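The next block holds one structure in the form of C-alpha cells; read it before the comments.
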Number of protein chains: 2
Amino acid sequence: MTAEFPSAQIIREAHERIKPYISHTPVMTSATINRMFNCSIFFKCENFQKVGAFKARGATNAVRSLGEEILKKGVATHSSGNHAQALSWAAALAGTKAFIVMPANSSPVKIRAVKGYGGIITLCEPTLEARESTLQKVIEETNAVEVHPYNDHSIIAGQATAALELITDIGSLDMIIAPVGGGGLLSGTALAAFYFSPGTTVLATEPEMADDAFRSFRAGTLIPSVNPRTIADGLRTSLGSLTFPIILKHVNRIITVSEAAIVMAMKFIWERMKIIVEPSSAVPLAAIMENHIDVKGKRIGLIISGGNVDLSNLPW
Amino acid sequence: MTAEFPSAQIIREAHERIKPYISHTPVMTSATINRMFNCSIFFKCENFQKVGAFKARGATNAVRSLGEEILKKGVATHSSGNHAQALSWAAALAGTKAFIVMPANSSPVKIRAVKGYGGIITLCEPTLEARESTLQKVIEETNAVEVHPYNDHSIIAGQATAALELITDIGSLDMIIAPVGGGGLLSGTALAAFYFSPGTTVLATEPEMADDAFRSFRAGTLIPSVNPRTIADGLRTSLGSLTFPIILKHVNRIITVSEAAIVMAMKFIWERMKIIVEPSSAVPLAAIMENHIDVKGKRIGLIISGGNVDLSNLPW
C-alpha cells in the first residue's frame, strides 16, 4: 500500500521547478559556536527563505505540480502556522487562490500574515475535528485541491531541496541535523542525504514535550501526540503515514530535548549569530548543547527551519 | 593644523592589514523592502562582523598599526559600548592587553562582554570628566596607548573598509546611507565613496535626540550634544576634530529621524529580514521610512552598523 518514496530524480525536478520562485538561502557559520563545541556547523538558513520558512519550498512544488485546470480552482489547507502563509504566497504567485482554514484562537499576527499573502481565511473551532470538517466544507464549496502541510510526496520532495542545496554548497558532511514535527522537512532531508551524500547520517531532534516521532520511531508504529504543549510551535504536529516510513528507513536517530534547552539555544543563536530563528529552529542546537550528540571534530549540517516569531512575545 | 585625510592608499592598506582577522560581511537584500520603497537597497551587514559591529575593523587596524614595542604595553580606552568590546577583542588577538575604563552604571551585559573578550576593566563615575581622568590614570600606570573610538585616522581608515567592501561587491550605487555618532564610520564611508565610487553620494542619518552632527554640519563648526537621550546608544557621542572636517567635505546631507521611526525601522528589519540589528543600525532605514530621502528607482547602499542588543530589554 505504501507509495514509492520520492526518487532522486523527483527531488532534482522539484528543485528545478521551484528555483525561479524561492531563495537559494545562505549557509552561515559561527566561529564562536564552532570553537565552543569543537566542530564545524553549517547552518542552512531557511529563516531567510520566502515567507520566512522552508515551507515555501514544499508549497511551491505542490502548487506548481498541479495541472492548469486543477490549479485554477485554487488550493486549500488547514494550518495556523508557516504552511498557511507559504501556501497563500505560493498560490498568489502562481495566479490562483488559497483557502486557509485557521482555528479562531490563532494569533492575530498569524492571521494578518496569511491575509497579507492573499490567503482567503475561514475561521473554525480550535479542534482537529473542526479544522478537518471545515476544510471539507470549504473544498466542497470551492473545488479547491487540498495541499497537506507534510503528508504529501510533492511537499516532501520540495522540502528535500533545502538539504540538496546544503549538500551541493558545502560538500561532504558527517551528519545533518533537522527538527521534526510532521516530518516533511525531516523525511525530505533524509532522502536528500541518502541520494546525494550517502555517507552522511541524518539525526532528528524533537521537543520532549512533543515526542511522537521519538516514540513512533522506537515502536516502529505511528503513535501521535495528543495536544503537545511545546514552545516549538512548528513541531506540535505528529508524523504522517507518508513521512513516517521514510524516517523509519533513512533517519539514524531521534533525540528529544527539554523546553529550557530550546529557549537557551534560541537565545544563543540570536545573540551569537545575530539572526532571528523560531523556537523550532533551535531544537537541533539544543540537542548539541545538551550533549546528546558526539560532535567533536565533525562537519555538521544543521537546518534552520524558519524565523517567524512574534517579537512582542519572546520566551525570555 | 588639520592632518591630511586618510588617502585611498591608506584605506586599501588598512583593508589588507585587517583582512585576516575580520569578516568580509555579506550584503543582504529584501524583495519586500525593495518593493515597498520602489528601490534597490543593499544592506552591508556589519551586525555579522566580529564582536557584532563594524568597530572590529577600526580597532584591528589601530592595534595592528602600532609598533611591536608600543603594542606590548597594551591599549586603553574609555567606552561603554561596542568599541570597548572591539578593542578588547583586537588586543587579545594581537597578543596584548586592553585596559577599558567603563562607567559604573554600564549594563552588566556589556561589562560581561568586555570581560569575555579579555578586556581589563576599571569602573568609574558615569561622567565624561571621570572617564577621561580615570583613563589618564590607567595610562600613567600601564604605559598603554590610548585608542580613541573614532577621533583617530587609523580608526577612520579601518571603518572605511566596510564601504570599500560594499562598493567592491555591489558595483555602482547612487547613494550610501550610514548612521552618524562620533563620525568614525561616516567619515570612513564618505572617504571610501569619494575614492572608490566617485559618482555615489553619501547621506548621514542621526537621531533628532542626538543631532550634533546635523547642527554642526549646518553651522560649519563643532557643536557637541549634551547628554543626548536617544535609544540609538551607539550614536550618543558627538563628532570629533578629525571626523568632522572629512564629513563637512565629503558628506552630501545629514538627516535626522524621530525615536519612534528608529524603533519602527528596527522592528521592521527584524521581522522582514530576520536579522538582529541594534537601534543605531535602523536609523538609515528610519530616514527612508519617514520619506526624507528620494529613493525611487535608486541603487542604495545602507550600512548596518551592528547587532549588539540586550535581548531582555527590547524597545517594544
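Data for the structure
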item	result
Members of region B:42-69 found to be surrounded by fewer than 22 Cβ atoms within 10 Å (Cβ to Cβ) and either within 14 Å of chain A (Cβ to nearest Cβ) or not acidic (Asp, Glu) (or both), listed by number	B:42, B:64, B:65, B:66, B:67
Total residues in region B:246-285, condition of a type in the set (D, E, K, R) and either within 13 Å of chain A (Cβ to nearest Cβ) or within 18 Å of residue A:307 (Cβ to Cβ) (or both)	5
Leading residue by the ranking (farthest from residue B:178 (Cα to Cα)) among those in region B:28-41 that are of a type in the set (A, V, I, L, M, F, W, C) and within 11 Å of chain A (Cβ to nearest Cβ)	B:31
Subset of region B:216-234 (residues that are open to solvent by less than 30 Å² (accessible area, probe 1.4 Å) and touching a strand residue (DSSP E or B) at 6+ places or on another chain (Cβ under 6 Å))	B:230, B:232
Of all residues making up region B:258-311, the number that are buried (at least 19 other Cβ atoms within 10 Å of the Cβ) and charged (D, E, K, R)	2
Failed condition for residue B:208, given (1) buried (at least 20 other Cβ atoms within 10 Å of the Cβ); (2) over 25 Å from residue B:4 (Cβ atoms)	(1)
Criterion (touching a strand residue (DSSP E or B) at 6+ places or on another chain (Cβ under 9 Å), at pLDDT 95 or above and within 14 Å of chain B (Cβ to nearest Cβ)) met by exactly one of A:297, A:301, A:307	A:307
Test set (1) at negative phi; (2) in contact with a helix residue (DSSP H, G or I) (Cβ under 8 Å, 6 or more places away or on another chain) - residue A:220 fails condition number	(1)
Residue count for region A:99-123, restricted to those that are under 26 Å from residue A:238 (Cβ atoms) and free of Cβ contacts under 8 Å to residues at least 40 places away in the same chain	14
In region B:186-205, residue nearest to residue B:41 (Cα to Cα) [restricted to those that are open to solvent by 10 Å² or more (accessible area, probe 1.4 Å) and not in a strand (DSSP E or B)]	B:200
Test: residue A:154 is open to solvent by 10 Å² or more (accessible area, probe 1.4 Å), among the hydroxyl-bearing types (Ser, Thr, Tyr) and either touching a residue at least 60 places away in the same chain (Cβ under 8 Å) or in contact with a Gly (Cβ under 8 Å, 6 or more places away or on another chain) (or both)	yes
Considering residues of region B:231-245 that are part of a helix (DSSP H, G or I) and more than 16 Å from residue A:274 (Cβ to Cβ) only, the residue farthest from the other protein chains (Cβ to nearest Cβ)	B:245
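So that you can scan it fast, the table gives a plain yes or no per residue for (1) among the β-branched types (Val, Ile, Thr); (2) in contact with a Phe, Trp or Tyr (Cβ under 7 Å, 6 or more places away or on another chain); (3) touching a residue at least 12 places away in the same chain (Cβ under 8 Å):
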| site | (1), (2), (3) |
| --- | --- |
| A:51 | yes, yes, yes |
| A:68 | no, no, no |
| A:73 | no, no, yes |
| A:83 | no, no, yes |
| A:90 | no, no, yes |
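The values are calculated or read from the model by the stated rules, or taken from the named source; none is laboratory data. Bear in mind the structure is a predicted one, so any value in this text is a computation, not a measurement. Using ideal geometry, Cβ is built from the backbone for each residue, glycine included, and neighbour counts are taken over all protein chains shown. With ligands, DNA and RNA removed, areas are computed over all heavy atoms of the protein, side chains included. Shrake-Rupley method; radii C 1.70, N 1.55, O 1.52, S 1.80 Å.
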